[in-house]
Structures are given as structure tokens and as C-alpha cells.
Amino acid sequence: MSKSGRRQDIDGLRAIAVGLVVAFHLGLPRAQAGYIGVDIFFVVSGFLITGILAAEADQKGTIKLGRFYARRIRRLVPAATLTIVAVLAATALLLSPLSWSLVAESSAAAGAYAANLYFAVQSDNYFAANVQDNPLLHFWSLAVEEQFYIVWPVLVLLASKFGATARLVTIGAVFVASLIHSIILTSSLTPWAYYSPLSRAWEFAAGGLLVLLLPAGVRGLNRIGREAMAWSGLGLIAASLILIQERTAFPGVAAIPTVLGTCLLIAAGIGAGSPLGRLLGLGPVQWLGAVSYSWYLWHWPFLVIGQIYLADERPVTRLLLVAASLVVAGITHHLVENPVRFAKRLTSADRPNWVLAGALLVLVLGSSLALTRSADSELATPELADLAVARDDIPALQGGGCNVPDIEFLLSECTLGPADATRSILIIGDSHAEMWTPILETLAEELDFRYTVHILGGCNALGLQAPVNAAACSEVQRQNLAVLEALQPDALIVSHFANNIRRFGETEWAEALARTLPNLTGGGANVGWIHDGPNMGLDPVECVASRGEEACTFSRAQVTDRANRMRQAEAELLADAGVLAFDPLDLMCNEEVCPLRSEEFFRYRDAHHITASFAVELAPNFRPFIEELLSPSAE
């Protein structure tokens, strides 16, 4: 413990937590699970806040809720508001009006501490503007924490009225109920499990149980025992980084080692006399722990806005942006965070600083509204009108709710084309399969077929998926074969996002393909495989609006690398299985570049999805492929 009474091990934990999150956002090796830093923050918050509340309840027989909320407002709101307003200003100055409405909408949610609910809804809608490119995405965890701060004091106060045992039982019940809820929700609807305060409450409760049980938990342990406990906790956190893979459903069971490890490290209570305590007590580590809140606020907007504005995703650029955000975080901590937090005029009040909080919220909402109105005005100009149209130029069937795993609904509602057609096609895969469906719509009557869509955005057909989609994808993949058997189509079309190659690697992708192909080809349907198109890396719509078309048109080699890698990984297996493969790259690119525009419209609605209009333009070139696929003699 430091001379000021602060526990240096907890400040060191904060430094570890923010470092993991930043490393994850940077895409550093071995940091694919760096988002567990948020879970560390939740446990630490539960430990500190429950300890403060329980001590007050025991000493004074009550909890002054006004004083508690006043402290939280001073601690969190000023720096968060500064960040949100700065993001709005940077968006207006550095990004195109195409991004303004999205950022303004999310800033309002962030300012009201409802960002977790906002982004949960956005995550459910795969075709919404890319959530991962939102500079305020990280505010979801701050919203969860603030919702905890609102509810938890009241819960502790009410439970404390019946004594310390009742308080312990109450928090224990929250822990058990929330953990069960998290496990169930993670297995059924992962995005809500990730963002919901109900599925995260057990992590705060774990910290709360720890502070209530702490004296009994470590009494009698000698220095060696404490050191072993602390290193074991750190080891569990490190193990989580290795064991949690991109396909691991999270949080649920996968979050338990991180939470347990954090509890062990806190429970050990190591001081400056221990080896690990000395490491956590190093000056730079302590400083990073002190500015962790401000750095968490700033690092993600710097990364997102900086990369879009510079049109540069190189690792060195990302590192420089994060370094710049750390400088700004230090300034914010010393000039905003601490001065407001410890201002005598504010700390002397027992009532919540509603005037301060209200004024800052009005500032955020007013700035958001102003940016929204400016966006509406700018997007009406001829220079941006076609780009704004491209954003919403998606397959018509997506709006009809066809992205579901229910077989009966699909066969009755998502089977399209002429009702009297004599042939049928089933198309499966992820959103890159769905982006080709305007081609089927265009050719259906002419070639006499109906088509059924069985896809879910972010879910390929091979059993490989990121954790946020794991449960839903697994269900869709199980249903693929059932739909194939129920429909008995003449042809089956499969297509996937080539970025899967970067995520899983050629070997793992080929192994999954080899496992899946016999199931797809064994049903009697002719199988067609549409290789993926270009991946621009950066959003070409935003890029062109901000920087002009010339600066955003990259060489063919740059934007087709992943599609080529996937095609090479798949080619031999597809040929051996008698699958008819179609490569659209020569239709979409010339020898030098992949043009962003056709004569009448913009071709892309984001970095890797083509517009529905472009798909319709490509339809005549796909016709021989579809005809051969529907031919009885197709292999």
C-alpha cells in the first residue's frame, strides 16, 4: 500500500487491464483476447465500490446515496463528456458527412450511459453501419459500469438493513443468478450476453463478495502464500489470453478464469515487499494505472478516426495514434479528471451534482443534434448524394427478415422467384453470399428457378466464426443440412467473406472445408462456389467522401490478396469434390485496379460488400455459371 493509502496492486491491475484492451485494439500478437481487460475493470469496481458502501453502512447504519452519486458524477462524467464532444468535433472536421449521423447517434447513447444497449441492437443488425468502426464503441463498458453504480448502492443499502449476513447472501445470489444468465445467454444470443448489464453483474458481484470475505479469505497466509496466490491470479489472466480464441463464445464460462484470477490477485494483498508487488508498484505502472480511465476513453477514438482520416492502417501508424492518445490521456487526467474530482466546492456537497451532470448531458445531446442536422444538409448535395445512396444499397430481401435459422419460416417467407418455376436454388454462407442475391433475383424468371436464402451475417458455412457470433452461427450451420434436405434443391450456392483467411489461416480453413464438403455434395444438388470479391481495407464510401476517388483507389493486388489466398486454399478441394467454382474478380477489376464506380452508381457500400446495383450489373456475367449449375449434367 502506498503512503497515500492507495493499494498499489490495484493500480497495477488497472494498468494491466487498460494495457490488455489497448493491445487488443491494436491487434498485437497474443492479444486476441485482450478485451478481458474490461472484465478486470468490472471486478475491481465491484471490489472497491462494495467495500466503500459496506463500510459506510456498518459504521453509520445507512448509506448516503446522494454523496455516493456525487462522487461518481465528479469521477466519471467530466472526462467522458470531454471525450464525446471532442469526438463529435473531430468527426465534423476530419470525417465526411456520411459518418456524422452515426457518430452523433452513438454519442447521444454514450452521453446517456446507454451505449451498451445501443451497440447490442447494432450488433444484431449485421447490415447496420460497421459497429467496429464507431469511435465511441468502447463506451459500452462505461455504460455497464454506470448502470452498476446506479443500482448497486440501493441493493447494498437495502440488504444491509437486515445485517451483514443478509448483505453477503444477497450479493452471492446476484453472483449466481447473473453467472447462470450469462452462460445461458452466451449460448443463445451472444451480442446481448456481451453488452447486457444482467450478464455482467456477476463480475461486479465477484469483487463485492471478495471484499466482504477478504479478511477470512487470506487470514493466516504467510508472505510466500500471498505471493503464490498473486502469481496464480496473474497466471489465470495470462492463460485466458492464450486459451480464449476468436471462436470462443464470450463471456459466460470463458470469463471465469479472468474473474477468478483478478480476485486471487486482489485477495493476496501483496505489497511493495514482494517481487510481484514491486513490479506492480513501479512508477510507470502506477502512472498508467492512475490515467487508465482517461486512456481508455481516448485510445479508441484516436485509432478509429485517425486511421480513417489518414487512410492508413499500418501497425506503425496505429502505434503512433495510441501513443498520442496516451499523451492526451495524461493531460486530461491532470487538467480535467483530478481537478473536478477533488474540487472543494463540489466535494463539500452531499447531494449529487445534478446541475453539473445535466449541463454536460445537454452539451452532448446539443452537439449530437447539431451534427445530425448538418449531416442531413450535407448529404443532400450532389457531391455526396450517390455515396449516401450506396450506404443503403443492400439486397431487398435483407429487410424482409430472411437472416434467421428457422427452417419453416425460410421455406415459406424467404423462397423467392417465380411461383411456377420448375427448378430451385439454395444459397448459404454469410453476408457475402447474400450480397450476390440480386443476381439471382435478376435471373430467376429468365432461367426458370426459385431461390431460398439461408444465411446469417458473419456466419460462414464451415463451422468457423468469431466469438460474438459463435452460438448463432453454430445454429445456422446445424440448420444448413436440414434446409438442404427439406428443400431438395437442384443447385446449392455457397459464398464467404475472404477475411476469414486472415482470421483462421489457410490450413484451418481448408481443413474445415474438407470436413464440410461431403455433407454439402452428398444431398444430390449441384454445388456452386462463388469466390469472394475485393476487400478495400478502409471503407471506400467514407474515403472517397473525405479524400477523393483517386486517393482511395488501390491496386488490384492490394485489394484482392485475401480473395486470392482463399481461392487458392479452396481450389483443389472444390475441384476434387466436383464443385463448380466461379471467380468474379476479373469482372470487378481490370489489370491495375478494381474501380469504385460504374457509370451510374458507386459499386461498394463498405470495405467489402458490393451494392445491390452493382450485383444487378454483374448478373449477365453470372448467367453461364447459373445455367451450368442448373444443368442436369453439371458435376
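The values are calculated or read from the model by the stated rules, or taken from the named source; none is laboratory data. In this text, all values refer to a predicted model and were calculated from it rather than measured experimentally. Glycine gets a Cβ as well: all are built from the backbone with ideal geometry, and neighbour counts include every protein chain shown.
Annotations
- Those helices (runs of 4 or more DSSP H) lying entirely in segment 447-556 with at least 1 residues modelled with pLDDT under 80, surrounded by fewer than 20 Cβ atoms within 10 Å (Cβ to Cβ) and not basic (K, R): 470-487
- Residues that are in contact (Cβ under 8 Å) with a residue 24 or more places away in the chain, among the aromatic types (F, W, Y) and within 21 Å of A370 (Cβ to Cβ) number at least 1 in the following helices (runs of 4 or more DSSP H) confined to segment 1-117: 97-111.
- Where helices (runs of 4 or more DSSP H) sit wholly within segment 202-315, those with at least 3 residues that are among the hydrophobic types (A, V, I, L, M, F, W, C) and closer than 19 Å to S182 by Cβ occupy 223-243, 256-268.
- Residue list for segment 154-201, restricted to those being charged (D, E, K, R) and part of a loop (DSSP other than H, G, I, E, B): K161, R200
- Index of the failed condition, A607 passing every other in (1) within 22 Å of G537 (Cα to Cα); (2) in contact (Cβ under 8 Å) with a residue 24 or more places away in the chain; (3) in a helix (DSSP H, G or I): (3)
- Filter result for P153 (surrounded by fewer than 21 Cβ atoms within 10 Å (Cβ to Cβ), modelled with pLDDT of 95 or more and not aliphatic (A, V, I, L, M)): no
- Hits in segment 587-635 (condition: of a type in the set (A, V, I, L, M) and buried (at least 19 other Cβ atoms within 10 Å of the Cβ)): M588, L596, A607, I610, A612, A615, L618, I626, L629, L630
- Among residues of segment 39-71 being within 32 Å of the chain's Cα centre (by Cα) and small (G, A, S), the one that is modelled with the lowest pLDDT is A70.
- Whichever residue in segment 294-316 is free of Cβ contacts under 8 Å to residues at least 24 places away in the same chain and aliphatic (A, V, I, L, M) and, among such residues, is surrounded by the fewest Cβ atoms within 10 Å (Cβ to Cβ): V316
- The C-beta contact set for segment 452-463 (first residue farther than 9 Å from A433 by Cα, second residue buried (at least 24 other Cβ atoms within 10 Å of the Cβ) and basic (K, R), distance under 8 angstrom, 6+ apart or interchain) is empty.
- L326 vs. criteria within 18 Å of L20 (Cα to Cα) and in contact with a helix residue (DSSP H, G or I) (Cβ under 9 Å, 6 or more places away or on another chain): yes
- Enumeration of residues in segment 185-209 that are buried (at least 21 other Cβ atoms within 10 Å of the Cβ), of a type in the set (F, W, Y) and out of contact with any Gly (no Cβ under 9 Å at 6 or more places or on another chain): Y194, Y195, W202
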